[in-house]
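Below is one structure, written out as structure tokens, with a few remarks after it.
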Amino acid sequence: MSAKTRISCLSYINKILVVLLLSRTSHSVEVSQSCNLFQGSWVFDDSYPLYDSLECPFIDQGLNCLKNGRTDQLYLKYRWQPNDCDLPRFDGEDLLKNFRGKNFMFVGDSLSSNQWQSLTCMLHAAVPNSNYTFDQTRNRSVLSFPEFEFTVTFLKNGFLVDLVVEEAGRVLKLDSLSRTEQWKGVDFLIFNSYHWWIHTGRLQTWDYFQAGDKLYKDMDHMEAYRIALTTWANWIDSNIDPAVTKVFFQGISAVHYRGNDWNEPKVQDCGGQTKPIEGSTYPGERYPGEAVVKSVLSNMTKPVTLLDITLLTQLRKDGHPSRIASGPTDCSHWCVAGVPDAWNELLYTILLQK
């Protein structure tokens, strides 16, 4: 082969590599509707993380694992890879431009806040020179980009239904909603509720359940969860216009407090974990709330998209703050940057599909 021919071949190969790279990173990648985005595995990708958490001003202190002194950084280098398709590269500026004038609202517990913090960092890193406004109160955090007329809000509401202090004590009202006026007129609603429902003992934040006119000192927690989610679902069905508002439900996020769950019986919790579980199968048990969520959503008349993050979080025993943060061991929340970035990549992918 002549030198001229070799140069020509190398040039052709380089062009192919460029095309392949663009197909991986461009937001215009088309993902088949038939691809299950939530079945896959974590793959090492040195181009990650998508942002520097030390440069993001919106992260709660306990979740900024780099700032808190976590020394291993391999947990930042993994990307979620569905089995049957590739995800488009997240493009925060593209999201801001395509959804100019829109508002996104996350409603739920601290796992909902976890996703909100991740998205705010991803957007801030994409347009670092764009002015923003940030307002935070006890139960509400709002980030706005005036240049794009774009707002993303977190509204704390861990049960979705009402928790009221009455003469009898703290009553969790399974068929009563409040603050729903704040949900109206929002372009994209992402709800979440689960972990507060499984608390017992001193972590339990209620004394009684109430369904109808009856108070219950105790009730199966998953049955109470089902009644409450049905109350929420009925409100969505009666009050949301799908032409105006798109609704998502953040699935159940995994915890890693017992090494037995991932076949490491000598491991007490997520402390010291530095790598994901390989493959697409988690050896531990399913969460009972998964079936409840899917059952309630399947019976709704208005469309709600489930961000089914359970498997991808089960595989990430390495992604928690663990003992890096002050206070007790945290194997339920997630480092930012980290695992919640994938939740937002999936949200972005679904938005592109729609």
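If a residue must be touching a helix residue (DSSP H, G or I) at 6+ places or on another chain (Cβ under 8 Å) and either in contact (Cβ under 8 Å) with a residue 40 or more places away in the chain or assigned to a loop (DSSP other than H, G, I, E, B) (or both), how many such residues does the range 201-213 contain? Number satisfying all stated conditions: 1. Note on the range 133-163: among residues that are within 15 Å of Lys102 (Cα to Cα) and not hydrophobic (A, V, I, L, M, F, W, C), the one that is surrounded by the fewest Cβ atoms within 10 Å (Cβ to Cβ) is Pro146. Do you know which residues across the range 185-198 are assigned to a loop (DSSP other than H, G, I, E, B) and modelled with pLDDT of 95 or more? Selection gives Val186, Asp187, Asn192, Ser193, Tyr194.
Residue by residue, here is whether (1) more than 13 Å from the chain's Cα centre (by Cα); (2) under 27 Å from Glu223 (Cα atoms) holds:
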residue: Ala254; (1), (2): no, yes
residue: Asn263; (1), (2): yes, no
residue: Pro283; (1), (2): yes, yes
residue: Ala291; (1), (2): yes, yes
residue: Ser295; (1), (2): yes, yes
residue: Met300; (1), (2): yes, yes
residue: Thr313; (1), (2): no, yes
residue: Gly327; (1), (2): yes, no
residue: Trp334; (1), (2): no, no
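In the range 152-163, the residues that are free of Cβ contacts under 8 Å to residues at least 24 places away in the same chain and over 15 Å from Val142 (Cβ atoms) form no Cβ pair under 7 Å with any partner that is of a type in the set (Val, Ile, Thr) and crowded, with 19+ Cβ neighbours inside 10 Å, whether six or more places apart or across chains. The number of residues in the range 237-268 that are touching a Pro at 6+ places or on another chain (Cβ under 6 Å) and free of Cβ contacts under 8 Å to residues at least 40 places away in the same chain comes to 2. Taking the criterion of being in a helix (DSSP H, G or I), of a type in the set (Val, Ile, Thr) and in contact with a Phe, Trp or Tyr (Cβ under 9 Å, 6 or more places away or on another chain), the residues of the range 214-265 that qualify are Ile227, Ile236.
Of all residue pairs spaced 6 or more apart or on separate chains, those with beta-carbon atoms under 9 Å, a first member in the range 320-333 that is among the polar types (S, T, N, Q) and a second member that is at pLDDT 85 or above and not in a loop (DSSP other than H, G, I, E, B) are Ser322/Asp330; Ser326/Gln61; Ser326/Gly62; Thr329/Ser322; Ser332/Ser110; Ser332/Leu111; Ser332/His195.
The values are calculated or read from the model by the stated rules, or taken from the named source; none is laboratory data. Values in this document were obtained by computation on a predicted structure and should not be read as measured data. Note that each Cβ is placed from the backbone with ideal geometry, even for glycine, and that neighbours are counted across all protein chains shown.
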